[in-house]
1. Given the structure, is Asp166 touching a helix residue (DSSP H, G or I) at 6+ places or on another chain (Cβ under 7 Å), exposed (fewer than 13 other Cβ atoms within 10 Å of the Cβ) and without any contact (Cβ under 8 Å) to a residue 24 or more places away in the chain?
2. Which count do you get for residues in region 3-30 that are within 23 Å of Arg71 (Cα to Cα) and surrounded by fewer than 13 Cβ atoms within 10 Å (Cβ to Cβ)?
3. When you check Asp149 against the structure, is it assigned by TED's automatic domain parsing to the domain that holds Val218, out of contact with any helix residue (DSSP H, G or I) (no Cβ under 9 Å at 6 or more places or on another chain) and assigned to a helix (DSSP H, G or I), yes or no?
4. Give the number of residues within region 95-130 that are surrounded by 15 or more Cβ atoms within 10 Å (Cβ to Cβ), in contact with a Ser or Thr (Cβ under 7 Å, 6 or more places away or on another chain) and not charged (D, E, K, R).
5. The conditions are (1) assigned to a helix (DSSP H, G or I); (2) in contact with a helix residue (DSSP H, G or I) (Cβ under 8 Å, 6 or more places away or on another chain), and Glu201 fails exactly one of them. Which is it?
6. Residues of region 204-227 being in a helix (DSSP H, G or I) and loosely packed, with under 15 Cβ neighbours inside 10 Å, which ones?
7. Do any strands (runs of 3 or more DSSP E) entirely within region 75-124 hold 1 or more residues that are over 27 Å from Arg37 (Cα atoms), among the basic types (Lys, Arg) and outside the structural domain of Ala189 (by TED's automatic domain parsing), and if so, which?
8. Of (1) farther than 30 Å from Ser31 by Cα; (2) in contact (Cβ under 8 Å) with a residue 24 or more places away in the chain; (3) of a type in the set (Lys, Arg), Lys185 satisfies all except one. Which?
Amino acid sequence: MSLDIREGVFVLDGRDIPFRLERRKGRRRVSIFVEPRQGLVLRTPPRFPLREVEETLRGEENWIRDKLLWRENWLSEHPERRFVSGETLLLLGEEWALEIHRDPLRKRAHIQAKNGIIRVDLSRSADARSVLEAWMRRLARRIVLARVDHWSARIGKRAGRVTLRDTRSRWGSCSSTGNLSFNWKLIMAPPEALDYVVVHELCHFVHLDHSPDYWALVEGYLPDFAVQRRWLSDEGARLYF
C-alpha cells in the first residue's frame, strides 16, 4: 500500500482509495473510519506525523479492506436518493413514502405528512430535495428545541444557544460556554435516540468528561441509554439525505 497525503489517496490491492484527513484538537492518536457516504476518513491530532499515519494504515489493511467491502454492499442497498415518488424517507424512526407532484401554476411548494406518506407539491421551479430538506430542518429545530427544554428542566441545567448543523461525525456537541449543537438528521432517528443525544450533551454541563460519574448521571435519566447509543452506532448510517 502506498499513501499520498497531498492527493488524499492510497493504493490498496491496486486501487486508488480516496480518503479525507481531519486534524482535530484534543485527539491523542489517529483513528480510522469508513463511513457509508464519505468513505475512508482519518482523524488525527493537529501535528500527528504523516509517517505514523501511513504506518497505522499499513497495520490496518485487512480491516480497511473488509470495511470498504461493507461500504460497497451498503451503498448498493442504500443508493443515492433521487427524491422521486416511490422512495422512502425516515422520519422519527419510521419509513415514510414520498409522493412528489409538480404544479406549474403553484406559487410556492407545500408539504403534508399524513398516514405514512409525505406529499410534496412543488411549484414550477422548486427542487424536491431542497424543499424537503428545508422542511425537515424546520421540523428538526422545533422538536430538538422542545426536547432540550424538557430535559433541561429535568436535569436542572439551562442550555445557551442551540444550533442545528449538518455535522459529519457527531450527533451532538456542547461548548464550554453552554451552547449546544445537534445534527439536523436526528429528526430521522427514533425519538428515544434523539432524547439520548440531548441528555448526553446536557449531562456534560455537570460532568465535562465521560467518567463513570458522567455515565451514571446519564443512566439515571435514561436507564436504556446503552440501547439508544447502540442504535445510533449500528443504524446511524441510515440517517442520510
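1. Answer is yes for this residue.
2. Within region 3-30, the subset within 23 Å of Arg71 (Cα to Cα) is 3-5, 7-22, 30.
When the remaining residues are screened for being surrounded by fewer than 13 Cβ atoms within 10 Å (Cβ to Cβ), the result is 4, 7, 11, 13-16, 18.
Here the count works out to 8.
3. yes
4. Within region 95-130, residues that are surrounded by 15 or more Cβ atoms within 10 Å (Cβ to Cβ), in contact with a Ser or Thr (Cβ under 7 Å, 6 or more places away or on another chain) and not charged (D, E, K, R) number 4.
5. The number of the failed condition is (2).
6. Correct list: Pro212, Asp213, Ala216, Glu219, Gly220, Ala226, Val227.
7. The qualifying strands (runs of 3 or more DSSP E) are 94-102, 110-114.
8. Single failed check for Lys185: (1).
The values are calculated or read from the model by the stated rules, or taken from the named source; none is laboratory data. In this text the structure is predicted, and so the values were computed from the model without any measurement. Cβ coordinates were reconstructed from backbone atoms using ideal geometry, including for glycine residues, and neighbour counts include every protein chain displayed.
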